[in-house]
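Structure first, then comments.
The values are calculated or read from the model by the stated rules, or taken from the named source; none is laboratory data. Only a predicted model underlies this, so the values are computations on that prediction, with no experimental measurement involved. Glycine also receives a Cβ, built like all others from the backbone with ideal geometry; neighbour counts cover every protein chain displayed.
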Amino acid sequence: MSVKAKKRKGPTTTKVKEERKVPEVKLIPVYIMGKRYEVPEGLTLMKAMEYAGYRFIRGCGCRGGTCGACGTVYRKPGDYKLQVALACQKTVEPDMYVTQIPFFPANRAQYEFAELTSAPEEVFKLYPELFRCVACNACTKACPQGIQVMDAISALKQGNIAEASRISFECIQCGLCTSRCFGELAQYHMFQLARRIYGARILPRAEHLAEMVKAINEGKYDDILNELKRVKKDELEKLYREREEEPVTAGEDWKPRDTTYL
Ligand code: SF4
Ligand code: SF4
Ligand code: FES
């Protein structure tokens, strides 16, 4: 039996091509490590480098501005100023000269953290070069996170670990400050030490957390946890969906209806 193939009605090839018109991309010139490339406008420096043929094995991590792996320096035409950026965040500008500094050698002190106290001298002993700081502020200008790096270093010199920790809280360890430092300090390693000491030795303990850990260790939640482990997946999902949630606008004194496990 012969079956006549029914001619499919649909858009012609030309029509499809017209519908799928790719938007025009403007190419702009950039210099990556001194070599000229033309890359699409709007790309990040990292994507522009990839577009130009570079492949990242180091110097690229989160692509979201948080890991600090992609520290970059660049200069724009006619501008004396050397600028800094994270390659995954900064977008290309015409004629910029770019190079990435994914790693900058920096002194990192060795220590047994359990043996450290909260005394400022701990930082002085591990990083005596702290006092080589000449207060030039180049580090602050180099920080892509907008951290007042020199102020944090000054706080450390004054023995104020808590303040150094607070100022440097958003440091992503990119090393750009270190690359510009006259005193040859590794600011970000010092800040990490400060934050560790602050978190472990200075910040007051959360009493409610200690109480909860004690209750868990004493078995207060064993029965309910074992019961949940026995429940089938569907039932568990239902319980989860129907659980009582704390309202977004709840005040400090909010409590669930069932207070058995508080
Ligand atoms: S303080 Fe230094 S290492 Fe930290 S984010 Fe700023 S430039 Fe990078
Ligand atoms: S760049 Fe170095 S010397 Fe200059 S203020 Fe910062 S830490 Fe001090
Ligand atoms: S890749 Fe992580 S900050 Fe850029």
**OP:** Give me the pairs, please: first residue somewhere in the stretch 132-144 and in the same structural domain as residue 157 (by TED's automatic domain parsing), second residue anywhere and within 16 Å of ligand 3 (Cβ to nearest atom), beta-carbon distance under 6 Å, and either six or more positions apart or on two chains.
**Re:** 139/177; 142/84; 142/176; 142/177; 143/177; 144/84; 144/85; 144/86
Original post:
Since residue 117 meets every condition but one in (1) hydroxyl-bearing (Ser, Thr, Tyr); (2) surrounded by fewer than 15 Cβ atoms within 10 Å (Cβ to Cβ); (3) not assigned by TED's automatic domain parsing to the domain that holds residue 172, which condition does it not meet?
Top reply: (3)
Subject >> Entirely in the stretch 152-199, the helices (runs of 4 or more DSSP H) that have 1 or more residues that are over 29 Å from residue 100 (Cβ atoms) and among the small types (Gly, Ala, Ser) >> reply: 161-167
Subject >> Pair list, Cβ < 6 Å and 6+ apart or interchain, from the stretch 173-193 residues that are more than 6 Å from ligand 2 (Cβ to nearest atom) to residues that are of a type in the set (Phe, Trp, Tyr) >> reply: 173/188; 175/104; 178/104; 179/104; 190/127
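Okay, residues lined up against (1) within 16 Å of ligand 2 (Cβ to nearest atom); (2) under 14 Å from residue 197 (Cβ atoms):
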{"position": "50", "(1), (2)": "no, no"}
{"position": "75", "(1), (2)": "no, no"}
{"position": "110", "(1), (2)": "no, no"}
{"position": "116", "(1), (2)": "no, yes"}
{"position": "133", "(1), (2)": "yes, no"}
{"position": "142", "(1), (2)": "yes, no"}
{"position": "164", "(1), (2)": "yes, yes"}
**OP:** Determine if the stretch 163-175 includes at least one residue that is buried (at least 18 other Cβ atoms within 10 Å of the Cβ), farther than 29 Å from residue 90 by Cα and more than 17 Å from the chain's Cα centre (by Cα).
**Re:** no
Original post:
Any idea which of 105, 128 is within 16 Å of ligand 2 (Cβ to nearest atom), in the same structural domain as residue 180 (by TED's automatic domain parsing) and loosely packed, with under 12 Cβ neighbours inside 10 Å?
Top reply: 128
Original post:
How many of the residues in the stretch 161-185 are of a type in the set (Gly, Ala, Ser) and near ligand 1 (Cβ under 9 Å from one of its atoms)?
Top reply: 3
**OP:** Inspect all residues belonging to the stretch 221-231 and state whether any of them is within 11 Å of ligand 1 (Cβ to nearest atom), assigned to a helix (DSSP H, G or I) and aliphatic (A, V, I, L, M).
**Re:** no
